[in-house]
Amino acid sequence: MKANYAWLAVVAVINSAISLYYYIRVIVNMYMKAPEDATRFAPSWGQRVALAACIAFTLVFGIYPQPIITFAEKSILALAPWAS
């Protein structure tokens, strides 16, 4: 506002109001409308494999994160050798 950008603040408020409309629609559909098909969701074989891989990755690197940290440090040094 101090830099004479009042118009930009107005645009930001309008965009926030528009986005709020879309977010509220998602919340209404999630919590306030009955599902169209109330059958139980049965994941496919591929979805189960993907979920198992994500869980395994999260557990392994959540318990022992050192390999990822080491890889990240080496990557940074390779890109910016003066940073060492």
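The values are calculated or read from the model by the stated rules, or taken from the named source; none is laboratory data. Small disclaimer: the values here were computed from a predicted structure and weren't measured. Ligands, DNA and RNA are excluded from the accessible area calculation, which covers all protein heavy atoms including side chains. Shrake-Rupley method; radii C 1.70, N 1.55, O 1.52, S 1.80 Å.
Computed values, structure above
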item: Three-way shape label, the chain, alpha-carbon gyration tensor, a/c 1.5; result: oblate
item: Accessible surface of the chain [probe 1.4 Å, protein heavy atoms]: carbon and sulfur percent; result: 71 percent
